[in-house]
Amino acid sequence: MSLRNWVVSKLGLKDLGGINEFNHGESSETYKIGDVVGIFKLAENLENEVILEDRDKHLDVRVSFLVEPDGEYAVVHVTTVVHVNNVLGKIYMFFVAPPAQSNCS
């Protein structure tokens, strides 16, 4: 994140801070909508799902963590949605997005 923040600061993008900059061990009930969690803001805090977001003039990013109880364990589904708002956002995503995969045979 330090390297990312240094590079993008030269391009006029914002410094997101560090991913580990949040209170480890805090109960999910202590967070309120709008609180900063790591590099994101809390958008939703539901019983089985937490949605975090970051919005700026280049990108709107949402990350969902959905917990699905499965007996003794749980399955966690992580989904990311990114809306690109302008050319600089497209350039940024070119470097950070995973390559597109096709399910077609």
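We did not get these values from a lab; they are worked out from the coordinates using the rules stated. Computed from a prediction, not measured in an experiment: that's the story for all the values here. When we count neighbours, we look across all protein chains shown, and the Cβ atoms used for this are built from the backbone with ideal geometry, even at glycine.
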Self-check item: Per-residue HN-Hα couplings for region 56-63 [Karplus 6.51, -1.76, 1.60; θ = phi - 60°; Hz; x = Gly/Pro]
Solution: 8, 6, 9, 9, 10, 10, 10, 10
Practice problem: Determine, from the Cβ-Cβ distance of Val84 and Ile33 and an R0 of 25 Å, the FRET efficiency 1/(1 + (r/R0)^6), rounded to the nearest 0.05. | Solution: 0.50
Practice problem: Using amide H atoms built 1.01 Å from N in the peptide plane, name the residues 5+ places from Asp35, or on other chains, whose amide H lies under 5 Å from its own. | Solution: Leu42
Quiz item: Put a dot 7 Å past each Cα toward the Cβ at Ala100 and Asp56; how far apart are the dots in nm?
Solution: 2.5 nm
Exercise. Work out, step by step, the length gained on full extension between Asp70 and Ile91: first 0.36 nm times the residue separation, then minus their alpha carbon distance; give nm to one decimal.
Key: 3.6 nm
Quiz item: How much net charge surrounds Val76 when only other residues with a Cβ under 13 Å from its Cβ are counted (Lys, Arg +1; Asp, Glu -1)?
Solution: -3
